Amino acid sequence: VNQINRKDIVIPFYQRRYVWKIEQASRLIESFLMGLPVPQIFLYINDDDQMEVIDGQQRVLSVKYFMEGYFGDADDKGRRQVFKLKGLSERSAYNGKSFDDLPLKEQRKLRNSTLRAINIKQLKPSNRNDSVFHIFERLNTGGTQLKPQEIRNAVYRGEIVNKLQELNNADGWMNILGLKKKDKNQKDVELVLRLLSLYKRHAEYEKPMLKFLNCSMKDESSFNSERAIEFSVRFPLVVARISRLIQRPFRPKGVLNSASLEAVMLALMESELDISDAELTERYHRVMNNEEFQRLISGSTTDALVLKGRIDVAKRIMDGGVL
């Protein structure tokens with residue numbers, strides 16, 4: 001608990017909120033007091049040598065709350081529930097007791113209890129956090145698992161996390177995606193990352209897409225490269241124009257097709273087309289109705305040849321070529 005208060009152990013922003021009921025937390029505290037084994041937690045040692053809780057947040061916070069005397073965080077009016085152990089066996093000597101109600105011997109026993117932890121830090125290669133990413137994936141044992149983009153936000157830190165969120169707020173982007181609000185699993189943010197990763201780099205793409213996006217998060221962590229800055233200017237401009245001109249874009253079969261979105265948007269961002277709204281709209285429909293393009297946005301859409309092929313088709317048609 002002292003390490004949490006000193007910020008040596010931290011609950012990172014990407015973790016879910018505290019969701020345990022007081023009965024669950026009470027059984028954990030009773031296990032410590034009875035000397036019963038408690039599952040280990042996993043900590044990730046970040047670049048500041050802080051220990052981030054990867055797996056075990058509910059256990060860590062339950063102990064902290066009990067020793068503080070209050071269950072959970074304060075409500076909107078600043079009130080907190082007094083933490084008295086609840087839901088234990090009627091024969092339990094600890095039922096209904098707070099930390100301060102415990103005899104000093106029991107308080108000392110809880111303070112000196114050991115919660116086993118495995119510390120994780122990637123040493124080699126020092127410039128990649130791929131191993132940590134996969135550990136996050138495997139340790140997602142809670143009821144609501146973190147999704148790939150949420151894990152990237154944890155592992156690959158830097159200005160890119162904030163910039164992707166900013167770009168996800170671009171006017172018209174939610175309209176293009178057909179969303180009324182941001183995706184809770186950050187799939188919308190992941191799509192922005194995918195466009196950034198492929199922008200002027202699709203010739204370098206190799207499967208799998210997950211690894212390609214991970215590398216991009218690392219390489220562009222500071223978001224100060226000429227390519228990233230250029231993307232941050234062009235992305236909202238293209239989004240606004242497509243949203244204004246095309247009704248329900250990138251839906252060849254009624255639902256959003258990310259592969260077609262990716263190809264057409266990259267074609268527009270990379271080509272710097274100086275054409276009228278009417279011409280852009282006409283070329284957009286030519287792309288979407290092209291038989292070769294339709295084939296390349298179906299099936300194995302992350303295959304390298306397929307991905308590069310559909311972007312090439314989109315660029316040639318959007319540039320005014322005839323296929």
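Give the residue, chosen from I54, I45, that is touching a residue at least 40 places away in the same chain (Cβ under 8 Å) and either crowded, with 21+ Cβ neighbours inside 10 Å or not assigned by TED's automatic domain parsing to the domain that holds R111 (or both). Just one listed residue meets the conditions, I54. Only helices (runs of 4 or more DSSP H) whose full extent lies in region 83-171 are considered here, and the ones with at least 2 residues that are at pLDDT 95 or above are 104-111, 159-168.
If you go through region 227-274 and pick out every residue that is of a type outside the set (K, R) and not in a helix (DSSP H, G or I), you end up with 12. Mind listing just one residue for me: the one in region 57-82 that is of a type in the set (A, V, I, L, M) and either not in a strand (DSSP E or B) or not assigned by TED's automatic domain parsing to the domain that holds F99 (or both) and, of those, farthest from the chain's Cα centre (by Cα)? Here the residue is M67.
Of all the criteria given as (1) without any contact (Cβ under 8 Å) to a residue 40 or more places away in the chain; (2) in a loop (DSSP other than H, G, I, E, B); (3) not aliphatic (A, V, I, L, M), the one not satisfied by Y18 is (1). The listed residues are S197, S260, S222, S216, and the only one of them that is assigned by TED's automatic domain parsing to the domain that holds T281, surrounded by fewer than 17 Cβ atoms within 10 Å (Cβ to Cβ) and not basic (K, R) turns out to be S222.
Is it true that S300 is assigned to a loop (DSSP other than H, G, I, E, B), in the same structural domain as E190 (by TED's automatic domain parsing), of a type in the set (S, T, N, Q) and in contact (Cβ under 8 Å) with a residue 60 or more places away in the chain?
Against the criterion (assigned to a loop (DSSP other than H, G, I, E, B), in the same structural domain as E190 (by TED's automatic domain parsing), of a type in the set (S, T, N, Q) and in contact (Cβ under 8 Å) with a residue 60 or more places away in the chain), S300 does not qualify.
Mind checking whether some residue in region 72-80 is in contact with a strand residue (DSSP E or B) (Cβ under 8 Å, 6 or more places away or on another chain), at pLDDT 95 or above and on the phi > 0 side of the Ramachandran plot? Within region 72-80 (the criterion being in contact with a strand residue (DSSP E or B) (Cβ under 8 Å, 6 or more places away or on another chain), at pLDDT 95 or above and on the phi > 0 side of the Ramachandran plot), the answer is no, since none of the residues qualifies.
Note on region 178-226: residues that are in contact (Cβ under 8 Å) with a residue 40 or more places away in the chain and part of a loop (DSSP other than H, G, I, E, B) amount to 12.
The values are calculated or read from the model by the stated rules, or taken from the named source; none is laboratory data. Remember, predicted model here, so these are calculated numbers, not experimental data. Cβ coordinates were reconstructed from backbone atoms using ideal geometry, including for glycine residues, and neighbour counts include every protein chain displayed.
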